Amino acid sequence: NGECKSRHRHQEFLAFLKKVEQQVPTELELHLIVDNYSTHTHEKVRNWLKRNKRVKLPFIPTSSSWLNLVERFFGLITEKQIRRGVFTSVAALEQAIHDFIAQHNARKKPFVWTKSAAEILETVGRAREE
């Protein structure tokens, strides 16, 4: 299940947080991994999080492998569904994205890291030294 938004402001992010929070059983904590994009750190988002203590937003470094997996998924959408496509409207493009997500979810399999934690930490360490 996915949604396409024409804008990526704190308002849309808050609506997403509220929707997820409502759909998950109240006895569970929610940990949504996000980057430090200003939308995720907006004052209204921080205030909402203060009132909704079970929702946690662990922030990740831009170079982290979690983010790479998200980017890989968007890369798959581009590679397999959008590139070389002809879309006569935004609605047609959004439908193509929804179709890809439905097909992907029907035969889903997890992304798997191919590097060990030690290799990833070594790479992060080198990047910080530069």
**OP:** First measure r as the distance between the Cβ atoms of residue 51 and residue 118, then evaluate 1/(1 + (r/R0)^6) with R0 = 25 Å and state the FRET efficiency to the nearest 0.05.
**Re:** 0.05
Subject >> Residue pairs, from the table 80/109; 5/56; 19/44; 18/53; 18/44, whose Cα atoms sit over 19 Å apart >> reply: 5/56
Original post:
222 nm [θ] for the chain, helices only, -39500 (n - 2.57) per DSSP H run of 4+, per residue, to 500?
Top reply: -16500 deg cm²/dmol
Original post:
For segment 105-130 and segment 17-87, what is the separation of their Cα centres, given in Å?
Top reply: 18 Å
Original post:
Measuring with a 1.4 Å probe in the full set of protein chains, what accessible area per residue, in whole Å², belongs to the chain?
Top reply: 76 Å²
Subject >> With every protein chain in place, segment 10-128: carbon and sulfur % of accessible area (1.4 Å) >> reply: 58 percent
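The values are calculated or read from the model by the stated rules, or taken from the named source; none is laboratory data. Note that the structure is a prediction, hence the values are computed from the model and not measured. No Cβ is skipped: glycine too gets one built from the backbone with ideal geometry, and neighbour counts run over all protein chains shown. In case anyone asks, the SASA skips ligands and DNA or RNA and just uses the protein heavy atoms, side chains included. Shrake-Rupley method; radii C 1.70, N 1.55, O 1.52, S 1.80 Å.
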